[in-house]
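Below: one structure, written as structure tokens.
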Amino acid sequence: MTTLQNGHQKKPLDIIIVGGGLVGSLEALLLAKRGHRVRLYEYREDIRRTPHVRGRSINLALSVRGRKALQSVGLEQHMIREHGIPMVGRYIHKFDGSTYVIPYDARTNQCIYSVGRNYLNSLLLKESEKYGNVEKYFNHKLINADLHKGSLTFLKTQNKETVEVNADLIIGADGAYSAVRKAMMKQPLFDYSQKYIEHGYMELCIPPGEDGEFQMPSKYLHIWPRGNFMLIALPNQDRTWTVTLFMPFAKFNEIDTEEKVLAFFGKYFADAIPLIGKKKLLEDFFAASALPLVSVKCRPYNVIDKTLLIGDAAHAVVPFYGQGMNSGFEDCTILDELFQKHNDDIAKILSEYSDTRWKDVFAISDLAMYNYIEMRDLVTRPSYLFRKSIDDF
Ligand code: FAD
């Protein structure tokens with residue numbers, strides 16, 4: 001018997017979380033705090049021992065939804081004060097090289113924070129070690145699931161053995177290409193849709209200046225809006241900038257020689273070339289190809305009282321609203337509130353979560369899709385022109 005956070009004496013639940021990314025590791029922490037037994041299974045190696053994995057952005061904008069969730073595990077202030085760089089507005093780089101600022105909140109100075117993905121993920125994993133009731137299994141890939149029975153099969157990627165495990169509750173936090181969701185797709189009445197946008201993204205880098213400092217004003221999210229494509233940059237703790245080029249794949253494919261890269265950047269992002277450096281631009285541009293962006297909607301998020309999807313597994317969104325991680329963290333907050341409200345009664349928790357959560361999540365997904373047009377195009381136009389463009393969209 002364990003004394004739960006709500007003061008009740010209860011047998012702890014046995015919970016498996018699939019996926020130790022940002023959302024899975026936060027959820028593990030919240031459930032551990034409540035006294036439950038948590039087993040976290042992650043496909044990759046422990047992120048604390050590996051360099052950045054390509055296919056996930058290097059840094060992210062943390063906003064109020066995410067901050068609230070971090071606050072509930074006592075990490076918000078640490079993240080924003082010591083490891084977050086405030087971004088108080090958009091810093092627009094015009095075609096002619098001139099710049100201007102659009103504050104996010106000129107009245108009360110609210111801002112968003114640029115945070116490092118690896119740092120935050122590692123911090124959440126490390127924090128869970130304070131609790132004796134969390135077990136972590138890295139290099140374990142989910143390959144099969146019986147979601148009604150709560151039984152899962154993992155492949156140990158290092159020695160190719162398989163292991164079968166059971167739990168009272170399975171939480172699928174295994175990202176946009178979720179294996180748990182794939183198993184759920186066999187359920188009757190499970191709605192699912194996905195959309196790949198025609199644009200991909202590529203991450204480049206602006207190094208620190210010769211003085212070791214940021215080469216651009218750091219307290220902003222920098223944007224080079226160019227109509228059908230854009231460049232953005234978010235600051236990092238080490239005084240570098242992660243620069244992301246969002247552009248149609250067709251356009252990426254056209255730019256296939258060094259001359260074409262320099263001509264393209266020279267025409268559209270001339271002020272970024274000296275910041276990135278010609279040599280580094282060419283190296284990074286050809287180091288890897290552009291990556292796709294997918295938007296996923298599905299519901300319900302649960303299978304009876306045995307399985308639940310959260311984070312990107314439930315709702316991958318395009319990144320233009322900076323809300324993927326933030327809304328995944330909000331999933332954890334809401335779930336935690338429901339554990340409290342329903343005294344750990346999984347059936348009630350999962351059913352209420354699934355019935356209510358989808359509306360906000362679908363709205364965020366649509367806003368994210370719309371905000372791409374806003375960031376790459378509308379942001380440069382006077383507001384009276386917005387109406388027409390939104391109608392076009
Ligand atoms: P993930 O981070 O994808 O983690 C899923 C985990 O599950 C991974 O560790 C994976 O290895 C593991 N896994 C997968 N399959 C299996 C399996 N079969 N078995 C076991 N484990 C498995 N969001 C923001 O809020 N703000 C931003 O500024 C922002 N910027 C972004 C920029 C870009 C370019 C992109 C692509 C995304 C951005 N996002 C942003 C979205 C954000 O990255 C995601 O919403 C967030 O990573 C979701 O976290 P997650 O834990 O649900 O999924």
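Taking the C-alpha atoms only, the angle from helix 278-287 to the longest principal axis of the chain is near 40 degrees.
The heavy atoms of GLU213 present about 80 square angstrom of accessible area, all protein chains included, probe 1.4 Å. Per-residue surface analysis assigns HIS342 an accessible area of about 40 Å², computed on protein heavy atoms at 1.4 Å probe radius. If you take the Cα centroid of region 114-172 and the Cα centroid of region 191-230, the two points sit 31 Å apart.
Contact order, relative form, for the chain: 19 percent (alpha carbon pairs under 8 Å, 6 or more residues apart, mean separation divided by residue count).
A 1.4 Å probe run over the chain, with the rest of the protein chains in place, finds 46 Å² accessible per residue. Across the accessible surface of region 213-310, with the other protein chains kept in place and a 1.4 Å probe, carbon and sulfur atoms take up 54 percent. For the set TYR220, TYR104, the ranking by accessible area, highest first and with no ligand, DNA or RNA atoms included, is TYR104, TYR220 under a 1.4 Å probe. How tilted is helix 117-128 with respect to the longest principal axis of the chain? Cα atoms for both, answer in degrees (0 to 90, nearest 10). Tilt relative to the chain: about 20 degrees. Between the C-alpha center of region 24-43 and that of region 246-299 there is a gap of 38 Å. For the pair TYR192 and ASN109, label points projected 7 Å from Cα toward Cβ lie 4.8 nm apart.
Put a dot 7 Å past the Cα of TYR131, heading toward its Cβ, do the same for ASN166, and the two dots end up 2.4 nm apart.
Each helix, a run of at least 4 DSSP H residues, gives -39500 (n - 2.57); summed and divided by the residues of the chain, these come to -10000 deg cm²/dmol at 222 nm.
Over 30 Å between Cα atoms: which of LYS130/LYS359; LYS126/LYS341; LYS141/LYS195; LYS156/LYS359; LYS182/LYS219; LYS94/LYS219 fall into that group? Going by Cα-Cα distance, LYS130/LYS359; LYS156/LYS359; LYS182/LYS219 fall outside the 30 Å limit. Compute the helix-to-body angle for 22-33: its Cα long axis versus the longest principal axis of the chain, expressed 0 to 90° and rounded to tens. Around 40 degrees separate the two axes.
Taking N as the number of residues in region 195-292, what value does Rg over Cα atoms divided by 2.2 N^0.38 Å take?
1.05
When each of the peptides 322-329, 247-254 is scored by how many other beta carbons lie within 10 Å of its residues on average, the order from highest to lowest is 322-329, 247-254. Largest GNM mean-square fluctuation across ARG44, ARG299, ARG107, computed for the chain with C-alpha springs under 10 Å, falls on ARG107.
What number of lysine-lysine pairs in region 261-332 show an alpha-carbon separation below 25 angstrom, given a sequence spacing of 8 or more or placement on distinct chains?
4
The values are calculated or read from the model by the stated rules, or taken from the named source; none is laboratory data. Quantities reported herein were computed from a predicted structural model and do not represent experimental measurements. Cβ sites come from the backbone with ideal geometry, for glycine too, and all protein chains shown count toward neighbours. When the accessible area is computed, the model is the full protein with side chains, heavy atoms only, and any ligands, DNA or RNA have been set aside. Shrake-Rupley method; radii C 1.70, N 1.55, O 1.52, S 1.80 Å.
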